[in-house]
Amino acid sequence: MLKICIWMNIPSHYQSAFFDALNLRHDVDFRVVYFSGSSQVRAAEGWSGQHLYKPFESVIEDSSSPETKLNGVPDWKERVHIISTYFSSSLIDHFCAHGVKWCHWSEMPGVRLAEVLNFNMKLFRLLHPFMLMSKKREGKRISKYALGAFGQGQLAKRAFRLMGVPKEKIDDLYYVPAALAETEPCCQVADFAQGRKVFLSVGALCKRKGIDVLLKAFAKLKTDAWCLVLCGLDRSNGEYRRLAARLKIEDRVLFLGAHPAERIAEVYCAADVFVLASRFDGWGAVENEAASLGLPIIGTDLCGASWHVIEHGLSGYRVKADNVGSLYKAMNEYVLHPSRIPAHGQASLDRFFECFTPGHNAERFVESLKAWGC
């Protein structure tokens, strides 16, 4: 029996199906511990404000000592702990001191650097490798003490290599939300579209998500047959509405606002093509959601999921982050060739069920741990 404890920052509907899949396995004894029980920021973005804890889940006070954190896991010395070194370095030191097995799990580091640079992505691409190489001490701790490092796809795995983690100690562990169920399209989107085809973006309206890039790319299309729907909390204080007005596309852009996570399928079902224009996204689970409902996907090369969920040219297009021309070109492919939408959508759906179900992720996870000697 493989005894596992996964440490997470907050409960997330993007992870719950993966945890359920692990809990259902007969070869796994599974626990999840959260450092915090909720997030007001996420609640404002449409996440559920009340998490119903399952028997294998618990929450602790993040500021407590390592010993206190472990009070709720009485058999912690017997378990393999999956934790990001960014969450609680002192807890990992505690594991190392007691010879307890642990693995690192994270996205590609770099969002803080991108924020400091005000998302100047040309400068980010130049400085990011040096930032990663400055993390050699952290990489050395993973190399010396951890069983291995799980990364959110190839962007994270490349980052770990630059941090000095050996290739054989790195493996994939994605974000894999459950497939969304087909449902009636969102009435508000359908009423706005009025028969036009819909490009959809889901996520907070902020600079990191590249909303300005998306609006500028859409404005270049010069078509009345398509509209753009932005589903997410506006964190720009109305700047993107003003940008749409300056671009003279306000009649073709719907600012839908945040939508409850439990009803997000109705928004995807009202769309034709999904676009994630992020300047930086460690993974981007919205791409999984879009794929699960058979949407073609356009995503940027600094979004982890774009290298895995998207099969470039077959189920969508991967474009350069922070590049209006690159995004415009991909969007225009669907404007000029709308007949590609059904085939790309089916390829997207097939890709999801072949590789990105919670069950597939649980199997990959367990096999990696076994390969690392568990």
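Taken together, the values in this text are just the output of simple stated rules run on the coordinates, not laboratory data. Note that the structure is predicted; figures quoted are calculated from it, not measured. Note that each Cβ is placed from the backbone with ideal geometry, even for glycine, and that neighbours are counted across all protein chains shown.
Quick check: convex hull of the Cα atoms in the chain, volume per residue, rounded to a whole Å³?
Values: hull volume 50.1 nm³, N = 374.
Enclosed volume per residue, from the Cα hull, is 134 Å³.
Computed from label points 7 Å out along Cα-Cβ, the spacing between SER64 and ARG161 is 4.1 nm. The local environment of GLU266, defined by Cβ-Cβ distances under 11 Å, has a net charge of -2 under the rule Lys, Arg +1 and Asp, Glu -1.
For the stretch 154-217, just say rounded, prolate or oblate: build the C-alpha gyration tensor, square-root its eigenvalues into a ≥ b ≥ c, call rounded for a/c under 1.5, and beyond that prolate if a/b exceeds b/c, oblate if not. Each step should come with its number before you reach the end.
Values: a/c = 4.40, a/b = 2.02, b/c = 2.18.
Oblate is the answer for the stretch 154-217, as a/c is 1.5 or above yet b/c matches or exceeds a/b.
Under a Gaussian network description of the chain, with springs only between Cα atoms under 10 Å, the residue in SER201, SER65, SER84 that fluctuates furthest is SER65. For the stretch 187-355, the Stokes-Einstein estimate of translational diffusion at 4 °C and a viscosity of 1.567 mPa s comes to 84 µm²/s, using the Kirkwood hydrodynamic radius over alpha-carbon pairs. Straight-line cross-link reach from LYS167 at under 21 Å between alpha-carbon atoms covers these lysines, not counting any fewer than eight positions away in the same chain: LYS101, LYS135, LYS136, LYS140, LYS144, LYS157, LYS370.
The phi-based Karplus calculation (6.51 cos²θ - 1.76 cosθ + 1.60; θ = phi - 60°) puts the 3J(HN,Hα) values of the stretch 363-374 at 5, 4, 4, 5, 5, 5, 4, 5, 5, 8, x, 7 Hz, whole numbers, x for Gly and Pro.
So if we plug the beta-carbon distance of LEU24 and GLU182 into 1/(1 + (r/R0)^6) with R0 = 30 Å, what FRET efficiency do we get, rounded to 0.05? Walk me through the numbers before you get to the answer.
Values: r = 24 Å, r/R0 = 0.80.
That pair, LEU24 with GLU182, gives E of 0.80.
Return HIS13, HIS26, HIS259 ranked ascending by Cβ neighbour count within 10 Å, so the fewest neighbours appear first. All intermediate terms of the calculation are to be shown ahead of the outcome.
Details: HIS13 17, HIS26 6, HIS259 20.
Neighbour counts put them in this order, fewest first: HIS26, HIS13, HIS259.
Which net charge results when you count Lys and Arg as +1 and Asp and Glu as -1 among the other residues whose beta-carbon is under 9 Å from that of CYS206? Charge balance in the 9 Å sphere: +3.
Comparing ARG79, ARG112, ARG340 in a Gaussian network model of the chain (Cα springs below 10 Å), the most mobile by mean-square fluctuation is ARG112. Using a Gaussian network model of the chain in which every pair of alpha carbons under 10 angstrom is joined by a spring, one finds that among CYS186, CYS103, CYS303 the greatest mean-square fluctuation is at CYS186. Projected onto planes of every orientation and averaged, the convex hull of the alpha-carbon atoms in the stretch 204-277 covers 4.8 nm².
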